[in-house]
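Taking it in order: structure first as structure tokens, then the write-up.
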Amino acid sequence: MAASRAQGMGAVTWRLLHQLPGARGGTSGLLLPRSKSCLPSFRVVPTGADSLPGLGLRGYTSLSTISHLPVNKVVGRTNLPLATTGPQIGTHLAIPNAGWRGYRTGWGWQASGSRSRKAWGLVFVLGGTLGAYQTLKYSLEEQRAEEELEASEGTLRLTLYQYKTCPFCSKVRAFLDYYQVPHDIVEVNPVLRREIKFSSYRKVPILLANADSTLQLNDSSVIISVMKTFLVSKRKSLEEVVSYYPSMKSVNEKGKEVIEYNNKYWLMLDERETEQVYPTKESRVEEMKWRRWADDWLVHLISPNVYRTPREALASFDYIVREGNFGTVEGVFAKYFGAAAMFVIGKRLKSRHNLEDDVRRDLYKAANDWVAAVGKNRSFMGGSQPNLADLAVYGVLKVMEGLESFEDMMSNTNIKPWYERMTAAIKHHTAPH
């Protein structure tokens, strides 16, 4: 970045040249004059194969970038290229039919003796000096911005309020662990929920972010989208990213008021950031589709399968009590009465979601559908590394580990190799916290 700033002396030289006698401008349709709101910038028309790569979303670039363009001065009939700092992008930029007024990249020369030559020499010396000054200035400013960012990240403290055996909470844990985001975990008592009495939102997961102020993030998919956007767009504050995901209250078919987030599967990135995360537009659409599938379908197969029989329901609640935050009396009550209740509820859920009589068949089909979507030529849906859909599906399925339904799924579907790769990837990326 500092090297590109050094090319700013071309900008200084350009302006100074137009103050000298004999300098004259032209038109080419390549550059627009700098805007009032962005004084040292020009708008570039990035069309055709010779367009500048990597321009920002708004199409602005500093004049130091434009100094990469080859600039010629005309001496009689000979074109002599002026030296420019930094690598040359190409011999020319073709922008057909741009139709915009601008400045030509060359100028005339009128000989005026030794006085003119001294003036020209002074221009280039002054331009180089100012360019060096600007280089140092911008380099220091960027370094200070990076240090401030690191300091703000160091003071950001995240706390996840969860039930360990909840598939939605498991999704968030898989994300935070894979991306090595330090966080504390508070296991919430499912009966009294004292741990989240501060919140009017009475579900989990809840993610609290404490920095200059406290932010509360609700809904597992919103949490993941917010944090992924924040990790990618490091120049945006967490407060700004959260504002992109407003909650909206609505009434469902049963007349119950619910909170919805219409854009919760969408990452709020600009064009350059989007290209960093998604190699193609199709990969972005695919990730969103399967994240939604994990929430709208896969998660609803868990309860009917882990509570399929009274024996499985009892084993499931024994696991829930061991891993959860229950008191002694609460644990005994939950294990036996909860298991009986969930066995009945599991049957109702099977009917609500139109599952087959043998709910294992729906689970097996879902697992194989996922494997088919990943395909044989990819380790993960994200390619060589998991994407947000991989982490969502893995998080949902992980809550069944150790239960009979999980072992049946591993034995009767093709999902085991992918699941083991996911386990290894998260273990490899996870940092202690």
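The values are calculated or read from the model by the stated rules, or taken from the named source; none is laboratory data. A quick note: this is a predicted structure, and the numbers were derived from the prediction, not measured. Neighbour counts run over all protein chains shown; Cβ positions are idealised from the backbone, glycine included. We work out accessible area using only protein heavy atoms, side chains counted, and drop any ligands, DNA or RNA first. Shrake-Rupley method; radii C 1.70, N 1.55, O 1.52, S 1.80 Å.
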Sorted on mean Cβ neighbours within 10 Å (highest first), peptides 249-261, 166-178 come out as 166-178, 249-261
Here the equivalent ellipsoid of the stretch 333-411, derived from its Cα gyration tensor, has semi-axes (largest first, whole Å) of 29, 15, 11
Along Cα→Cβ, 7 Å out, is where each label goes; now give me the distance between the ones at ILE259 and ASN377 in nm to one decimal. 4.3 nm
Let me cross-check ARG322: its accessible surface, 1.4 Å probe, with only protein heavy atoms counted, in Å² to the nearest 10? 150 Å²
With +1 on each Lys and Arg Cβ and -1 on each Asp and Glu Cβ, and nothing else charged, work out how big the dipole of the stretch 353-433 is about its Cα centre, in Debye to the nearest 20. 480 debye
Given a 1.4 Å probe and heavy atoms of the protein chains only, how would you sort HIS428, HIS300, HIS183, HIS353, largest accessible area at the top? HIS428, HIS300, HIS353, HIS183
Toy charge model, Lys and Arg Cβ at +1, Asp and Glu Cβ at -1: the stretch 289-433 dipole around Cα centroid in debye, rounded to 20, equals 340 debye
Quick one: what do you get for the stretch 372-426 if you divide its Cα Rg by 2.2 N^0.38 Å? 1.09
When all protein chains stay in place, what accessible area (Å², nearest 10, 1.4 Å probe) is found for THR155? 90 Å²
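Evaluate Rg over Rh across the stretch 201-295, taking Cα atoms for both radii and Kirkwood's formula for Rh.
With Rg and the Kirkwood Rh in hand, the quotient comes to 0.99.
Taking only Cα atoms of the stretch 238-372, what ratio of Rg to Rh do you get with Rh as the Kirkwood inverse-distance radius? Write out the running numbers ahead of the final one.
Details: Rg = 19.6 Å, Rh = 18.3 Å.
The Rg/Rh ratio comes out at 1.07.
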Measure off 7 Å from each Cα along the Cα-to-Cβ vector at GLN385 and ARG194, then give the distance between these two points in nanometres to one decimal. 4.2 nm
Give me the compactness ratio for the stretch 346-392, meaning the Cα radius of gyration over 2.2 N^0.38 Å. 1.48
Between LYS365 and GLU420, what is the label-point separation in nm under the 7 Å Cα-to-beta-carbon projection? 2.8 nm
What do you reckon, how do LYS350, LYS197, LYS164, LYS289 stack up by accessible area (1.4 Å probe), largest on top? LYS197, LYS289, LYS164, LYS350
